[in-house]
Amino acid sequence: MTKPTITIKICCGTMCYIMGGAELHLLKEHLPAHIAPLVKIEGASCLGVCQDDNEDRPPCVMINDELIPNATIQKIITHITKQL
Amino acid sequence: MHNQRFFIEAETYQEKKANQRVCGDACLSRKLKDEDRLITVLSDGLGSGVKANVLATMTTSMALQFTAKNDPLERTAEFIMNTLPIDAKRQISYSTFTIIDINCLGEAKVVEYDNPPLIIYRDGNFYEPSKEVRTLTRPGGRRAKVSYSCLNLKKEDRIIIVSDGITQSAMGTPHFPFGWESDGLKKYIRQTIKQNPEISAHQLARKIVYRASINDKGHLTDDATCHVIYCREPRHLMIATGPPFHENCDSLLAERIKNFDGKKIICGGTTSKIISRELNIPIEVSLNNPDPSLPPVSKMEGINLVTEGILTLGKVSRLLEELTSTEIKGNGPAEQMVRLLLNTDEITLMAGTRINNAHQDPNLPVELEIRRNVIKKIAALLEDKFLKTINIEYL
Ligand code: FES
């Protein structure tokens, strides 16, 4: 069996949740079959993006150590595919 | 309600007579917070159905009002008898009542008129207070015997009041030709408490009514109501929600949570981070969420429940508002919190007042309430609707 090499942390804070993060919780169901076994999905408390005054907006996720703001399921999948 | 010595849990359970739409008994409790006093009235209206329900409801609300105003109990009894509407067919007006008035010292005054005598369970036995019986004249010159008694409640005492639908259940069966009667009921109470010495007031009341219904083979021949008062050690819970206004109070908040003797809830992402940092307890966010309308719960060792803040509080407040019984369906974060809250007697709310600026953005797709307002609403509901004792500390 392949070991997961990518860890995705989905922010479960209030702001991310109401800005569309609720949908990201369904990420697992949307992952293409060849990617799914390589990915480990976890929850995280507020990643701090919502508190900053810059362009980056919630919802956000961390893919390994990289922060992805304005995250959508599609954006996450594209990002993972690039890393593989 | 609580007093210096113990907490008083008061719960009612009732079932209506088979094939009736409404219950002809009524039971009402009110906690007078300023006086630390609890008044309960149980009444059984003449007959069954709507008419009986109106009589019983009028009786309980009148008795409650008058007792709360400290009117002499005889006057109250007399007034009720003279006020009730007269049944056109039978030309009588009638409803029974039992009034219990418990003050802050645990002294109870009891007035009983025509209900089965109240039962006091103490240390495995039944305690009989001495009763004074007085005769009142009802309209039409009929006489009515009203009994008065006083008792000093002790921790672990239970008072059980029932309508005659309970004591007369099983009537005419070979086993109980005259019904279950107080003796049968007492035996059942003793047995049930022996099996489960910590049985809650709600559970005991429900068990008694179920048993009466079984006595009647599942078709109650009269309305059955049971009210149980249980004097016990209070159960405590603390909720920490919101970061303290001054950061140097963070450690204080964490210490309070750590040293609190009772159940603990942390509600809010920032709050849990503060406590996690101060007490060095890691937060584990689970993604497994039975309620997609709210962010999931997290886990922290030593804390009974860790949830998101404002959205969850909003749902808790809605649930508390809509609840009509103490049974809660579902297992989402808000339901879990409501269940913990309702299983507690004294709740301490540690409300941090620092505003989360991100929440004030006018471009948000939903309006986020101000935490302080939601907390106030929840506190008021718990206090007035569910008779809990609440302390709010802002920091
Ligand atoms: S809530 Fe997700 S970054 Fe703050």
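The values are calculated or read from the model by the stated rules, or taken from the named source; none is laboratory data. Treat the numbers as computed from the prediction; the structure is a model and nothing was measured. Here the Cβ is made from the backbone with ideal geometry for all residues, glycine too, and neighbour counts use every protein chain on show.
Miscellaneous remarks
- Filtered by the rule that a residue be in a helix (DSSP H, G or I) and away from every other protein chain (no Cβ under 14 Å), segment B:309-328 gives B:Val316, B:Ser317, B:Arg318, B:Leu319, B:Leu320, B:Glu321, B:Glu322.
- Failed item in (1) among the charged types (D, E, K, R); (2) over 29 Å from the mean Cα position of the chain (by Cα); (3) modelled with pLDDT of 85 or more; (4) loosely packed, with under 13 Cβ neighbours inside 10 Å, with B:Lys385 passing the rest: (2)
- Qualifying residue in segment B:161-181 (condition: acidic (Asp, Glu) and over 27 Å from B:His219 (Cα atoms)): no
- Residue match in segment B:86-97 (condition: in contact with a helix residue (DSSP H, G or I) (Cβ under 6 Å, 6 or more places away or on another chain), assigned by TED's automatic domain parsing to the domain that holds B:Asp164 and either surrounded by fewer than 16 Cβ atoms within 10 Å (Cβ to Cβ) or of a type in the set (A, V, I, L, M) (or both)): no
- Residue within segment B:289-302 that is under 15 Å from B:Ala351 (Cα atoms), assigned to a loop (DSSP other than H, G, I, E, B), modelled with pLDDT under 95 and not aliphatic (A, V, I, L, M) present: no
- From the list B:Ala240, B:Ala170, the lone residue that is in contact with a Leu (Cβ under 7 Å, 6 or more places away or on another chain), crowded, with 19+ Cβ neighbours inside 10 Å and not β-branched (Val, Ile, Thr) is B:Ala240.
- Residues satisfying the stated conditions in segment B:253-277, i.e. within 16 Å of the ligand (Cβ to nearest atom) and among the small types (Gly, Ala, Ser): B:Gly268, B:Gly269, B:Ser272, B:Ser276
- Output for segment B:351-363, where each listed residue is of a type outside the set (Asp, Glu) and either closer than 18 Å to A:Gly48 by Cβ or at pLDDT 80 or above (or both): B:Ala351, B:Gly352, B:Thr353, B:Arg354, B:Ile355, B:Asn356, B:Asn357, B:Ala358, B:His359, B:Gln360
- Any chance B:Gly242 is in contact with an Asp or Glu (Cβ under 7 Å, 6 or more places away or on another chain) and within 16 Å of the ligand (Cβ to nearest atom): no
- Selected residue (only one of B:Asn363, B:Asn331 is outside any helix (DSSP H, G or I), free of Cβ contacts under 8 Å to residues at least 60 places away in the same chain and touching a Pro at 6+ places or on another chain (Cβ under 9 Å)): B:Asn331
- In segment A:1-15, residue nearest to the ligand (Cβ to nearest atom) [restricted to those that are closer than 16 Å to A:Leu67 by Cβ and more than 8 Å from chain B (Cβ to nearest Cβ)]: A:Cys11
- Of the residues making up segment B:364-380, those that are more than 14 Å from chain A (Cβ to nearest Cβ) and surrounded by 13 or more Cβ atoms within 10 Å (Cβ to Cβ) are B:Arg372, B:Ile375, B:Lys376, B:Lys377, B:Ile378, B:Ala379, B:Ala380.
This table checks each residue for (1) out of contact with any Pro (no Cβ under 6 Å at 6 or more places or on another chain); (2) surrounded by 14 or more Cβ atoms within 10 Å (Cβ to Cβ); (3) within 7 Å of chain A (Cβ to nearest Cβ); (4) more than 19 Å from B:Lys329 (Cβ to Cβ).
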position	(1), (2), (3), (4)
B:Asn280	yes, no, no, yes
B:Val285	yes, yes, yes, yes
B:Pro292	yes, no, yes, no
B:Val297	no, yes, no, no
B:Met300	yes, yes, no, yes
B:Ile303	yes, yes, no, yes
B:Thr307	no, yes, no, no
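- Test: residue in segment B:327-342 that is under 26 Å from B:Asp250 (Cα atoms), among the charged types (D, E, K, R) and surrounded by fewer than 17 Cβ atoms within 10 Å (Cβ to Cβ): no
- If you go through segment B:169-221 and keep only what is touching a helix residue (DSSP H, G or I) at 6+ places or on another chain (Cβ under 9 Å) and aromatic (Phe, Trp, Tyr), you end up with B:Phe176, B:Trp180, B:Tyr188.
- Candidate set: segment A:27-60, residues that are of a type in the set (Val, Ile, Thr) and more than 12 Å from chain B (Cβ to nearest Cβ); chosen: the one nearest to the ligand (Cβ to nearest atom): A:Val39
- Some residue of segment B:355-363 being closer than 27 Å to B:Val285 by Cα, away from every other protein chain (no Cβ under 14 Å) and of a type outside the set (Asp, Glu): no
- Segment B:243-278 - residue that is of a type in the set (Gly, Ala, Ser) and within 14 Å of another protein chain (Cβ to nearest Cβ) and, of those, surrounded by the fewest Cβ atoms within 10 Å (Cβ to Cβ): B:Ser276
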